[in-house]
1. When you go through 178, 165 one by one, which is the residue that is within 11 Å of the ligand (Cβ to nearest atom) and within 18 Å of the chain's Cα centre (by Cα)?
2. Can you confirm whether the stretch 160-174 contains a residue that is in the same structural domain as residue 124 (by TED's automatic domain parsing), touching a residue at least 12 places away in the same chain (Cβ under 8 Å) and more than 21 Å from residue 115 (Cα to Cα)?
3. Of all the residues that make up the stretch 128-157, how many are within 17 Å of residue 187 (Cα to Cα) and away from the ligand (no atom under 16 Å from the Cβ)?
4. So which residues in the stretch 181-203 are touching a helix residue (DSSP H, G or I) at 6+ places or on another chain (Cβ under 9 Å), within 11 Å of the ligand (Cβ to nearest atom) and assigned to a helix (DSSP H, G or I), if there are any at all?
Ligand SMILES: [Zn+2]
């Protein structure tokens with residue numbers, strides 16, 4: 001009897017390697033049929049399958065579509081966003097279409113997204129500063145900037161907060177992760193166990209949120 005995916009997922013046999021491609025299998029109880037997708041920049045093919053699909057069925061499906069996969073992996077790998085009309089970019093956790101929901105052109109788009117990010121950060125600070133019982137008036141300046149390796153920074157002595165413009169792709173819930181983190185630095189200017197204990201008290205699921213942020217694919221997409 002052929003092994004079905006549910007069983008071999010438990011046996012740790014996902015992802016599979018088929019014809020040189022890494023194939024990630026996603027099992028969906030409500031999937032009606034198999035659905036192939038290519039994620040070129042990661043060199044990954046994903047296939048969504050209904051429960052009960054066999055390994056052979058997946059292999060056959062992938063092998064049948066090899067020319068299509070090869071074309072997609074090549075074509076999307078070369079694609080770079082130009083911030084042109086029709087491209088889809090992430091803003092506050094949603095995909096927006098340039099020229100329809102958002103302005104065209106990198107400078108205009110980034111300014112637009114940063115304005116929305118600023119508004120979300122302001123709103124979150126308005127909630128979390130009183131919640132953390134940080135004295136009103138402590139905060140003197142909030143700055144958005146391009147930061148290469150960090151999501152934010154806090155100078156407790158000066159009352160300043162900096163946030164990375166990269167946060168603009170994420171939902172408010174995930175932006176809150178960084179806002180709360182930086183506000184916790186008001187009390188602890190380090191990442192000591194006391195800092196993490198405070199973070200946990202403020203946001204018990206912060207680690208799950210961080211994992212979710214790391215797992216999200218927020219790269220822009222070419223016009224549909
Ligand atoms: Zn920190």
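1. Numbers: 165 fails: within 11 Å of the ligand (Cβ to nearest atom).
Answer to the check: 178.
2. Just the residues of the stretch 160-174 that are in the same structural domain as residue 124 (by TED's automatic domain parsing), to begin with: 160-174.
If we keep only those that are touching a residue at least 12 places away in the same chain (Cβ under 8 Å) too, we end up with 160-174.
Keeping just the survivors that are more than 21 Å from residue 115 (Cα to Cα) gives none.
Taking every residue of the stretch 160-174 in turn, none turns out to be in the same structural domain as residue 124 (by TED's automatic domain parsing), touching a residue at least 12 places away in the same chain (Cβ under 8 Å) and more than 21 Å from residue 115 (Cα to Cα).
3. Keep residues of the stretch 128-157 that are within 17 Å of residue 187 (Cα to Cα), which gives 128-140, 152-157.
Okay, now just the ones that are also away from the ligand (no atom under 16 Å from the Cβ), so 129-131, 133, 135-140.
Qualifying residue count, the stretch 128-157: 10.
4. 181, 183, 184, 195, 196, 199, listed by residue number.
For (1) surrounded by fewer than 15 Cβ atoms within 10 Å (Cβ to Cβ); (2) over 22 Å from residue 202 (Cα atoms), each residue gets a yes or a no:
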position: 102; (1), (2): no, yes
position: 109; (1), (2): no, yes
position: 123; (1), (2): yes, no
position: 128; (1), (2): no, no
position: 137; (1), (2): yes, no
position: 144; (1), (2): no, yes
position: 151; (1), (2): no, no
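The values are calculated or read from the model by the stated rules, or taken from the named source; none is laboratory data. All values derive from a computational prediction rather than experimental measurement. Heads up, the Cβs are rebuilt from the backbone with ideal geometry, glycines too, and the neighbour counts pull from every protein chain shown.
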